[in-house]
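Visitor: Following this message is one structure expressed as structure tokens.
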Amino acid sequence: MALFWVTVVAWFLYDRQGNIYWLLLGDTDDNMRLMQVRAWLAGQGWYDLRQYRLDPALGGFDIHWSRLVDLPIAALILLLKPFIGIVAAEKWACGLAPLLPLSVAMIGLSLAVRRLVAPWAWPVALIVLMGCTSTMSMYAPMRIDHHGWQLAFLALTVAGLADPRRARGGAVVGLSSAASLTIGLELLPYCAMAGAIIALRWIWDREDVRRMQVYGLTLGGGSALGFAIFASNANQVLRCDALTPVWLSVMVAAGALLFGLSLLNPANRWVRLGLATLAGAIIVAGFALCFPQCLGRPEQVSDELANTWLNNVREARPIYKHAFKTAFPMAVLPVIGVLGALFATWRARRSEALVGWAAVALFTAFASAMLLWQVRAAPAAQMLAVPGSVALLVVAVPWFLSIREPFARWIGEVPAQLLGVLLRVFGTVGAFLLLSGLWAGLVPPLFSGDGAAKPGKPAPPDKVAAANNACARMSNLRMLNDVPAGIVFTHVDLGPRLITVTHHSGIAGPYHRNGRAILDVHHAFTWATPNFRPIAAAHKAQYLLICPDMSETTLYRARGPNGFYAQLVKGQVPNWLEPVSLRLGPAGKPLPFKLWRIRYDLPDVAVKPAK
């Protein structure tokens, strides 16, 4: 498995060497993660996760993350810095860091498949994992945000659920859940489902009490340890969006109750069911009574912020609200995984593997159902589908390989031999492509009109995608360093990239604790032009930077068709915006964005079209 992982690492580093060289951190969270690591290495406190380069006039804003994911990135930077310098060390640290949790995910899946399917089947699981496009995208170089680590702990959770050694399995699930929650609450539903499955196993089989007992201890103890070491100063209060005292209380109480039930361990199954139900009711009732503010959205944002920004995040939409070409490849493997897990559960109905497969089938079905809530569940759903897919493959592929002379009695020996060869070759390949889900990416272009453009009629370029890429490119953004450092009023999604690449500070980033600044940016761009300067002045902004056609600007146009941004892109620039000339880009072309200096000493006059 280690050799397989090294091979994947080598390929990824070769394939993404351009991204590493240009520090192409494609996601806003990846940029912000690097900024958090930089701040820590520069002397910012371990428990101080405030980002002071965004909205500095108001003291920056808190990030609800933890330092756990910062550790490997910082370690790689410190390790490489003496040999290649700080600039190159940051680039290679960002390239290598996502590949570390990939090894953990491979370990989890390999163990799960060895325990559930066959000792020799783990390489099949790794091959199927390579086809999980949503999952593997979280491990690509430069994807340094926390999702890869959370998926890795989720893979270990599956291995723990499948572990025949009860105490070890319970410890792995409990510690993996605690580590995932220490990083963030994104996988809280999966952690809760894992705990429910362990309780159900105990209800069904009294002999499984040791698994639940150790799980309860490690969940409560691991969560407490994670909170003590990694909870930031801002997470010491009763917030609902991270491992704060709110969720720490829930995890400790849940662990204590499960441990208490394990000590009772009544012989009657119905009594065990009743006690487990009572424990669940106590947790739910206690949560509702003690933390009523957390019964809604964990982000605790205002309705205006939710409608203006949070509800428009593509990842937060259910899969059925996405285009077919996006949704279909995401959903295929989870469906196959559920069917495979159910098939394997049925096959194991008279063996010791029944309980393990039933647990994994429940977990896989739950993960697939989460796609109906948010499409960001796709990486986890695809990864959890791997054991079920492998269970089908190890039955179907050997069956096709065993075919020798089908229908020889009716078509003759020679034609039967030829037919057998064809079935062995094409049947095996077809079965593998079908049951591994690798065929899913071929279907959308065939049925959604997304095929190649007709000769002589090239497909129109995607202006939004082109603008997103061009305005985030390091070679373009670095041109802004020719201008004296200042506070730049720009789009929310451009803020983290701006502070990562340039010496400027920004106003906002797409983080719910930055809600006031997010609304101010949207108001400034969508309200009438005279409203812009008072908003910018409140944040002491010195420059205005826009990226025409960037995806966020589509919201400005929709919500403020006659607002400041809409007038600006039409050339109606107010007199108090002083154009800032910039050098041409690296290719000798104009830069994709526009920059102005904001003048607060000039009165408003009629807006005139720019020359």
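The values are calculated or read from the model by the stated rules, or taken from the named source; none is laboratory data. Quick caveat, the model's predicted, so the values are computed rather than measured. Backbone-built Cβ (ideal geometry, glycine too); neighbour counts: all protein chains shown.
Visitor: Provide a single number: the residues in the stretch 202-234 that are farther than 18 Å from residue 177 by Cα, touching a helix residue (DSSP H, G or I) at 6+ places or on another chain (Cβ under 9 Å) and part of a helix (DSSP H, G or I).
Guide: 8
Visitor: Right, here's the next one. With 234, 242, 267 as the choices, which residue is more than 30 Å from residue 381 (Cβ to Cβ) and in contact with a His (Cβ under 8 Å, 6 or more places away or on another chain)?
Guide: Exactly one of 234, 242, 267 is more than 30 Å from residue 381 (Cβ to Cβ) and in contact with a His (Cβ under 8 Å, 6 or more places away or on another chain), namely 234.
Visitor: Turning to a different aspect of this structure: Restricting to the stretch 459-499, name every residue that is at pLDDT 95 or above and basic (Lys, Arg).
Guide: Once the filter is applied, which keeps residues that are at pLDDT 95 or above and basic (Lys, Arg), the stretch 459-499 yields only 497.
Visitor: How many residues does the stretch 276-318 contain that are of a type in the set (S, T, N, Q) and either part of a loop (DSSP other than H, G, I, E, B) or more than 24 Å from residue 377 (Cα to Cα) (or both)?
Guide: Of the residues in the stretch 276-318, 4 are of a type in the set (S, T, N, Q) and either part of a loop (DSSP other than H, G, I, E, B) or more than 24 Å from residue 377 (Cα to Cα) (or both).
Visitor: Could you tell me how many of the residues in the stretch 44-96 are under 27 Å from residue 16 (Cα atoms) and of a type in the set (D, E, K, R)?
Guide: Selection size over the stretch 44-96: 5.
Visitor: What helices (runs of 4 or more DSSP H) completely inside the stretch 1-56 contain at least 2 residues that are acidic (Asp, Glu), without any contact (Cβ under 8 Å) to a residue 12 or more places away in the chain and not assigned by TED's automatic domain parsing to the domain that holds residue 516?
Guide: Answer list for the stretch 1-56: none.
Visitor: Please state which of the following conditions residue 103 fails to meet, knowing it meets all the rest: (1) assigned by TED's automatic domain parsing to the domain that holds residue 153; (2) surrounded by 22 or more Cβ atoms within 10 Å (Cβ to Cβ).
Guide: All conditions pass for residue 103, except number (2).
Visitor: Also, I was wondering about something else. Just to verify a result, which residue in the stretch 35-55, among those that are aliphatic (A, V, I, L, M) and within 24 Å of the chain's Cα centre (by Cα), is nearest to residue 489 (Cα to Cα)?
Guide: Going through the qualifying residues, I end up with 54.
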